[in-house]
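The numbers here are math on the coordinates, done by the rules we state, and not lab data. None of the values given here were measured: they were computed from a predicted structure. Methodologically, a virtual Cβ is constructed for each residue, glycine included, from the backbone with ideal geometry; neighbour enumeration extends over all protein chains shown.
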Amino acid sequence: MNQSSSLRPVRPRRSVLYLPASNSRALDKLPGLSCDSVVFDLEDSIVPGAKEEARESLRCFFSDGRAAALPAGMETVIRINALSSPWGSEDLLAARGCKPDAILIPKVDAPEDIVTVEDALEQTDAPRSLRLWAMIETPRGVMNAGQIARMARTDGARLDCFITGTNDLLKETGVAALPGRPWLSPWLMQIVLAARAYGLDVLDGVYNDFKDEAGLLDECRDGQAMGFDGKTLIHPAQIAPANKAFGIAPDRLAQAKAIAAAFALPENKDRGVISLDGRMVERLHLEMADRLIEKAARIAARYGGDKET
Ligand code: COA
Ligand code: MG
């Protein structure tokens, strides 16, 4: 099987902002924000007594035209409570009715957690375009990450993306939250590897100190180097640093275009490996270059020109 056939369509997910579903001021602010995706949260940021109100607020947002008026290309995701919780089933029905791009399942421990939600969605004849994202944030979730990611390969699978829930992982394991995340990183890398084994996108956890831009930028750069596609965020001030760190620098884009142009030359049509500016370039580099060029084009299509690529 060609490697590229195992890869999902390119979609920029540099900046993925959590927004508590009951926060009306935050909802008002959303259309002006430059995040690639938004996760409307019904779970951790909503206290038990406010779950119903948050669900209702979301229903209104999606039915009164405000969701439809969001910038084209801003991906919408709804995080529900676990189906095993008192709110999960109602949340899933409400989320399904809102028609977001994806539903995010929290605290996924095992593949069965994905199957349960997929089955429930089948029963409501949900369209195939409704995707599922999974939070890997428990010790069992990390240990089973490969088996969970494998769900993306089953017939009719909806699973598209993993999010690492670093706050929950710290809480559950007791490891120290230190700059550079020395103790957390092995598990984060395990999650990245599992996602890549089955072609999923994978997003880094949040940086709680939203006034510390330099610290955020450092952590974004680490996350980018670890292979994450983007960062989950809690505050609008974090969007620009994440877009920058996970964006496509002009020199990387120029290099990708040079690789694509070199392989497009008639004399290189049937060659698996070529030399470019003194470096060996293989067809796997062409695949990487093509995806990068497509991602840059999608970012430019949404934000105009080369802004924040
Ligand atoms: N999405 C959209 N807008 C947001 C936002 C978010 N996540 N967080 C803050 N804002 C808005 C505020 O509503 C405010 O808008 P206004 O000027 O129109 O009133 C503006 O940004 C500035 O906010 P600020 O006063 O700096 O922050 P705050 O004290 O209101 O809120 C938090 C701080 C952390 C409570 C808030 O950012 C938040 O709830 N973040 C998300 C938390 C979450 O979802 N956690 C679960 C996943 S880890
Ligand atoms: Mg969590």
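Quick rundown of the values:
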read-out: Calculated from backbone phi, Karplus (6.51, -1.76, 1.60) coupling profile of the range 147-157 in Hz, x at Gly/Pro; value: 5, 5, 4, 4, 4, 5, 9, 7, 4, x, 5
read-out: Spin-label pair residue 63/residue 291, simplified geometry with 7 Å Cα→Cβ offset, distance in nm; value: 4.0
read-out: Inter-probe distance in nm under a simple model that places probes 7 Å from Cα toward Cβ, at residue 225 and residue 260; value: 2.8
read-out: Theoretical gain in end-to-end length, residue 130 to residue 212 [0.36 nm per residue, Cα-Cα removed]; value: 26.0 nm
read-out: By average C-beta atoms within 10 angstrom, highest first, the peptides 129-136, 263-270; value: 129-136, 263-270
read-out: Three-way shape label, the range 95-201, alpha-carbon gyration tensor, a/c 1.5; value: prolate
read-out: Partners for residue 231 among lysines (Cα-Cα distance below 21 Å; same-chain residues under 8 apart left out); value: 29, 107, 171, 211, 244, 295, 307
read-out: Order of 198, 18 under a 10 Å beta carbon neighbour criterion, fewest first; value: 198, 18
read-out: Under-5 Å amide H pairs with residue 163, H placed in peptide plane, nonlocal only; value: 134, 135, 136, 203
read-out: Charged-residue dipole, Cβ positions (Lys, Arg, Asp, Glu), the chain about Cα centre, Debye nearest 20; value: 740
read-out: Relative contact order (%) - criterion: Cα under 8 Å, at least six apart; region: the chain; value: 16
read-out: Prolate/oblate/rounded label for the range 5-245 (Cα gyration tensor, a/c 1.5); value: rounded
read-out: Pairwise FRET efficiency - residue 50 versus residue 244, Cβ, R0 = 35 Å, nearest 0.05; value: 0.55
read-out: Ranked by how many other beta carbons lie within 10 Å on average, peptides 62-75, 202-215 from highest; value: 202-215, 62-75
read-out: Efficiency of FRET between residue 193 and residue 155 - r from beta-carbon atoms, R0 22 angstrom, step 0.05; value: 0.35
read-out: Crossing angle, helix 51-63 versus the chain [Cα axis fit, 0-90 degrees, rounded to tens]; value: 60
read-out: Fully extended contour minus Cα-Cα distance, from residue 268 to residue 171, at 0.36 nm per residue; value: 29.6 nm
read-out: Karplus (6.51, -1.76, 1.60) ³J(HN,Hα), θ = phi - 60°, over the range 158-170, in Hz, Gly and Pro reported as x; value: 10, 5, 10, 7, 9, 10, 8, x, 6, 5, 5, 4, 4
read-out: Potential extension, residue 280-residue 122 segment - 0.36 nm per residue separation minus Cα distance; value: 52.1 nm
read-out: The chain: most fluctuating residue of 35, 60, 161 per GNM, C-alpha cutoff 10 Å; value: 60
read-out: Label-point gap, in nm, between residue 140 and residue 300 - each point 7 angstrom along Cα→Cβ; value: 4.8
read-out: Overall form of the range 1-140 per C-alpha gyration tensor (a/c, 1.5; a/b vs b/c); value: oblate
